[in-house]
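Encoded as structure tokens, the structure appears first; notes follow it.
The values are calculated or read from the model by the stated rules, or taken from the named source; none is laboratory data. This structure is a prediction, so every number in the text was calculated from the model and none was measured. Note that each Cβ is placed from the backbone with ideal geometry, even for glycine, and that neighbours are counted across all protein chains shown.
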């Protein structure tokens with residue numbers, strides 16, 4: 001941290017452009033370069049995943065979102081991972097910055113598991129499970145794993161989950 005403090009003092013004394021000419025390779029530019037490069041890699045990865053998913057997208061496919069929206073809601077697992085969709089490997093992509101997959105309209109069989117953490121050292125992962133889902137054409141669904149009841153639930157739409165949203169859930173949303 002002292003290294004960054006010293007560099008900031010030099011910027012104040014010399015001015016930014018003069019400092020940059022004298023110290024082109026410095027801790028601040030290295031950190032910024034790594035951050036910018038990392039963001040570019042993430043964006044490129046998201047674009048490639050979306051392109052690959054679009055290539056194999058069934059006609060009238062539904063979108064199944066796999067990650068909860070509210071990171072402070074401990075009732076649900078942080079991630080639901082899809083291993084197979086109708087016997088094939090599931091190709092996920094980013095939908096509104098959350099992982100999602102395409103499902104053909106009608107009946108589908110997916111193999112899933114859930115993951116969540118209670119702390120940095122306490123990570124949980126469920127056993128893989130087959131779920132039977134019936135989805136409508138061109139509809140968005142969100143798949144959740146309820147930690148307390150160890151059940152998966154599917155919700156039509158991608159509403160933000162809060163206490164009011166949870167009160168609208170009922171047994172018809174439970175799958176598997």
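The residue list 51, 68, 96 contains one member that is at pLDDT below 80 and either out of contact with any strand residue (DSSP E or B) (no Cβ under 8 Å at 6 or more places or on another chain) or within 17 Å of residue 141 (Cβ to Cβ) (or both), which is 68.
Residues to consider are 26, 45; find the one that is crowded, with 16+ Cβ neighbours inside 10 Å and outside the structural domain of residue 127 (by TED's automatic domain parsing). None of the others qualify; the one that does is 26.
Applying the criterion of at least 2 residues that are over 17 Å from the mean Cα position of the chain (by Cα) to the strands (runs of 3 or more DSSP E) found wholly in region 1-97 leaves 79-85.
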